[in-house]
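Heads up, the thing below is written out as C-alpha cells.
The values are calculated or read from the model by the stated rules, or taken from the named source; none is laboratory data. Every value quoted in this text rests on a predicted model; they were computed, and no experiment measured them. Every residue, glycine as well, gets a Cβ built from its backbone with ideal geometry; the counts of neighbours run over all protein chains shown. To get the accessible areas, we keep the full protein, side chains included, count just its heavy atoms, and leave off ligands, DNA and RNA. Shrake-Rupley method; radii C 1.70, N 1.55, O 1.52, S 1.80 Å.
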Amino acid sequence: MKIFPVKIEAKCLGCEKCKAVCPRHISQIDPDEHLSECISCFQCYAVCPNNAITFSKKELEETGPLPAIDKDDLKSFLAFRRSNRLFSTKPVKRETIVELIHSAQHIPSGGNAHNCKFTIITDQEVKNRLLQLIKKRYVLQFKFLQVPIMRFILTLFTDPVTRAFLNDREYLKRIIPLVEGMKNGKDLVFYNAPVVIAVHSDQLIPTPGPDSILAAYNIVLMAHAMGMGTCFVSMVQNAVNNSNKCRALLKLGRRERVHAVILLGHNKLKYQRPIPMFREDHYRFIKISDIEKRMFPCST
Ligand SMILES: Cc1cc2nc3c(=O)[nH]c(=O)nc-3n(C[C@H](O)[C@H](O)[C@H](O)COP(=O)(O)O)c2cc1C
C-alpha cells in the first residue's frame with residue numbers, strides 16, 4: 001500500500017515550504033487531489049517547520065529532530081572505511097543484520113522507486129554451493145579466454161566494458177593468481193565472511209543499479225559505524241546474474257538482477273589509520289567559451 005503525506009490543517013503555517021521542496025510541486029493543501037502525482041518521498045514532511053504533515057498510514061513511526069554530525073568527524077569516518085577481507089569467525093547477530101538492512105532505506109532512489117531487495121546468506125551450505133558454482137564458472141571462463149579465437153568471438157557479442165577487458169592483454173595476467181588460488185581451494189570470493197548480502201532489484205524501475213549500490217553503501221557505512229568490516233565483491237554479482245544455477249540458489253525472480261554484493265563480518269584486524277589522500281583529484285568546473293557561444297547559440 002502506498003503511503004501519502006497528509007496535512008494537519010490546524011498546524012499548517014501556510015509557508016508552502018512543502019510545495020517548494022516537492023519534486024512534483026504539489027501543495028499539500030488537498031493531498032487527495034494529487035495522489036497520482038505524489039511519489040511519496042516525504043520531503044514535505046521533512047521540511048515542515050511546524051510538523052504539520054503526517055502520514056496516511058497512522059502507525060508509522062515519526063522520526064526525531066535533525067541530528068548534527070560534525071563535518072570533520074564525518075570526513076575522518078569516511079576516510080577510515082576500508083574494504084575488509086579478513087573476518088573473525090564470530091557470527092553476526094540476526095538483529096544486527098536487520099538493523100543494517102534498515103539503514104539502506106534512507107537512500108535516494110530514482111523515481112523514489114525503492115525497489116531494492118536483500119538476500120542474506122549466513123548458511124554455510126548455501127555459501128559453499130554458491131562458491132563452488134562461482135569457482136567453476138571462473139575457472140572455465142579463464143580456460144576459454146586463453147584461446148585467442150574464442151576471445152575474439154566473444155568481443156563481437158559482448159558489451160563495451162567486457163570487450164575492453166577482453167582486448168586488454170594485462171587483464172588475463174591479472175586474473176591468473178585469482179584463478180590459480182581458486183583451483184587450490186582458497187576462498188578468494190567470500191574470504192570466509194560469515195555474512196554475504198546480495199542487493200538485487202527488478203529491472204523495470206528507473207535506476208536499478210545505482211539504487212542497489214547506494215543501498216549497499218549505506219550498509220557499508222552503518223557496519224563501519226558499528227565497528228564491523230565489509231567488502232564489495234563484484235565477482236559474485238557477475239557470476240550470479242549469468243548463471244541459472246546461481247540465480248535459482250538465490251531464488252531470484254525472472255526480471256531481477258543482482259547489482260551489489262557485500263561481505264560482512266567482525267574484523268580480524270583493526271585498521272589503525274586512514275590511507276593518505278594521495279590520489280589525483282578528477283574534477284573540473286566548466287563554462288561556455290566565447291567560441292562555443294557563437295557556434296552553439298542558445299535559443300532561450
Ligand atoms: C563495485 C566494487 C566492486 C568490488 N569488487 C571486489 C571484488 O570482487 N573482490 C575484492 O576483493 N574487492 C572488491 N572491491 C573492493 C576494492 O577492491 C577496494 O575498494 C580496493 O581494494 C581499495 O580498498 P579500500 O576500499 O579499503 O579503499 C570492490 C569494490 C567496489 C566499489
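In the full protein context, the range 208-253 carries 41 Å² of accessible surface per residue, based on a 1.4 Å probe and ignoring ligands, DNA and RNA. Give the range of the longest stretch in the chain that excludes all chymotrypsin sites (Phe, Trp or Tyr not before Pro) found in loop regions by DSSP and having at most 10 other beta-carbon atoms within 10 Å. It runs 1-277. Positive-end ranking of MET182, ILE291, LEU264 along the dipole of the range 159-300, with charges on Cβ about the Cα centre, is headed by MET182. Along the range 181-186 the Karplus relation, 6.51 cos²θ - 1.76 cosθ + 1.60 evaluated at θ = phi - 60°, assigns HN-Hα couplings of x, 5, 4, 7, x, 7 Hz to successive residues, with x for each Gly and Pro.
Taking every DSSP helix (H) stretch of at least 4 residues in the chain, weighting each as -39,500 (n - 2.57) and dividing the sum by the residue count yields a mean residue ellipticity at 222 nm of -12000 deg cm²/dmol. Shown is the FRET efficiency for CYS12 and ILE39, computed with R0 = 25 Å from the Cβ-Cβ distance and rounded to the nearest 0.05: 0.70. Computed over protein heavy atoms with a 1.4 Å probe, the carbon and sulfur contribution to the accessible area of the range 125-183 reaches 65%.
Peptide packing: for 89-95, 242-248, the average count of neighbouring Cβ atoms within 10 Å per residue gives the ranking 242-248, 89-95, highest mean first.
Taking the chain as the reference, fit the longest principal axis to its C-alpha atoms, fit the long axis of helix 94-103 to the helix C-alpha atoms, and give the angle between the two in degrees, 0 to 90, nearest 10. Here the helix axis deviates by roughly 60 degrees. Rounded to the nearest 20 debye, the dipole size of the chain about its Cα centre is 1600 debye, using +1 on the Cβ of Lys and Arg and -1 on the Cβ of Asp and Glu. Averaged per residue, the range 125-183 has 70 square angstrom of accessible surface, using a 1.4 angstrom probe with ligands and nucleic acids left out. Taking a Cβ cut-off of under 10 Å around HIS224, the surrounding Lys, Arg, Asp and Glu residues balance to a net charge of +2, with basic ones at +1 and acidic ones at -1.
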